[in-house]
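Down below is the structure, laid out as structure tokens.
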Amino acid sequence: RDEEILHRRVVDIDPAAVRDLVAGSCVLVTGAGGSIGSELIRQLAALEPETLIALDRDDSLLHHVIASLPPEHRGACVPVLADIRDLDRLDVVFDQYRPALVFHAAALKHVPALEGAPSEGWKTNVIGSSNVLAACEAAEVARVVNISTDKAADPQNVLGYTKRIAERLT
């Protein structure tokens with residue numbers, strides 16, 4: 001059973017409530033070109049947001065995620081090139097689009113890479129998350145969803161510690 005594999009109860013999501021939250025709204029996803037962010041973009045695009053901001057620092061990944069959408073979902077999706085480490089750029093984007101809902105998925109997530117370069121994990125996962133939250137506050141974003149990791153629950157490595165700090169900031 002799922003519960004046995006996850007070692008926790010399965011959380012049921014109310015699709016109608018999510019659609020009500022997204023439909024007709026401006027929604028922004030950080031890390032939109034990554035594995036989690038791109039899946040969020042694909043699922044959110046189907047929920048008919050007024051505008052879906054796909055924010056990432058990698059232009060190739062942004063292009064790929066937009067191209068992966070069915071043609072009928074591409075119209076609302078706006079690719080935005082920005083790095084969450086750059087608060088000034090985030091402020092410009094958030095001021096321009098005024099999102100009502102933000103999914104913060106941007107992060108460095110690979111344990112071996114972060115163990116080899118912990119300062120990069122700090123700059124992206126902690127400082128970058130802090131920047132996203134500051135931009136959200138300045139733009140009066142109604143809801144923020146911080147995508148974290150199970151490794152934050154009992155941190156044993158740079159990924160776990162940096163994501164735990166991002167959770168606390170949130």
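Please verify whether Ala76 is touching a strand residue (DSSP E or B) at 6+ places or on another chain (Cβ under 6 Å) and within 24 Å of Glu120 (Cα to Cα), treating the condition exactly as stated.
Answer is no for this residue.
How about the stretch 142-164: which of its residues are modelled with pLDDT under 90, touching a helix residue (DSSP H, G or I) at 6+ places or on another chain (Cβ under 6 Å) and either on the phi > 0 side of the Ramachandran plot or of a type in the set (A, V, I, L, M) (or both)?
First pass over the stretch 142-164, keeping only residues modelled with pLDDT under 90: 148-157, 159-160.
Checking which are touching a helix residue (DSSP H, G or I) at 6+ places or on another chain (Cβ under 6 Å) leaves us with 148-149, 151-152, 155, 157, 159-160.
Matches in the stretch 142-164: Ala152, Leu159.
Are any residues in the stretch 34-50 part of a helix (DSSP H, G or I) and either open to solvent by less than 50 Å² (accessible area, probe 1.4 Å) or within 22 Å of Gln96 (Cβ to Cβ) (or both), and if so, which ones?
Correct list: Gly37, Ser38, Leu40, Ile41, Leu44, Ala45.
Can you tell me which condition Gly121 does not meet? The list is (1) open to solvent by 70 Å² or more (accessible area, probe 1.4 Å); (2) in a helix (DSSP H, G or I); (3) within 20 Å of Glu167 (Cβ to Cβ), and all the others hold.
Against the list (1) open to solvent by 70 Å² or more (accessible area, probe 1.4 Å); (2) in a helix (DSSP H, G or I); (3) within 20 Å of Glu167 (Cβ to Cβ), Gly121 comes up short only on (1).
Within the stretch 1-33, restricting attention to residues that are at pLDDT below 85 and within 16 Å of Val145 (Cβ to Cβ), which residue is most open to solvent (accessible area, probe 1.4 Å)? Show your work before the answer.
Looking only at the stretch 1-33, we keep the residues that are at pLDDT below 85, and these are 1-13.
From what is left, the residues that are within 16 Å of Val145 (Cβ to Cβ) are 11, 13.
On the way: Val11: 91, Ile13: 128 Å².
This residue is Ile13.
Check off (1) free of Cβ contacts under 8 Å to residues at least 12 places away in the same chain; (2) assigned to a helix (DSSP H, G or I) for Arg164 and give me the number that stays unchecked.
Tallying (1) free of Cβ contacts under 8 Å to residues at least 12 places away in the same chain; (2) assigned to a helix (DSSP H, G or I), Arg164 fails exactly one: (1).
The values are calculated or read from the model by the stated rules, or taken from the named source; none is laboratory data. Nothing here was measured: the structure is a model prediction, and the numbers come from that model. Note: ideal-geometry Cβ built from the backbone for every residue, glycine included; neighbour counts use all protein chains shown. Ligands, DNA and RNA are excluded from the accessible area calculation, which covers all protein heavy atoms including side chains. Shrake-Rupley method; radii C 1.70, N 1.55, O 1.52, S 1.80 Å.
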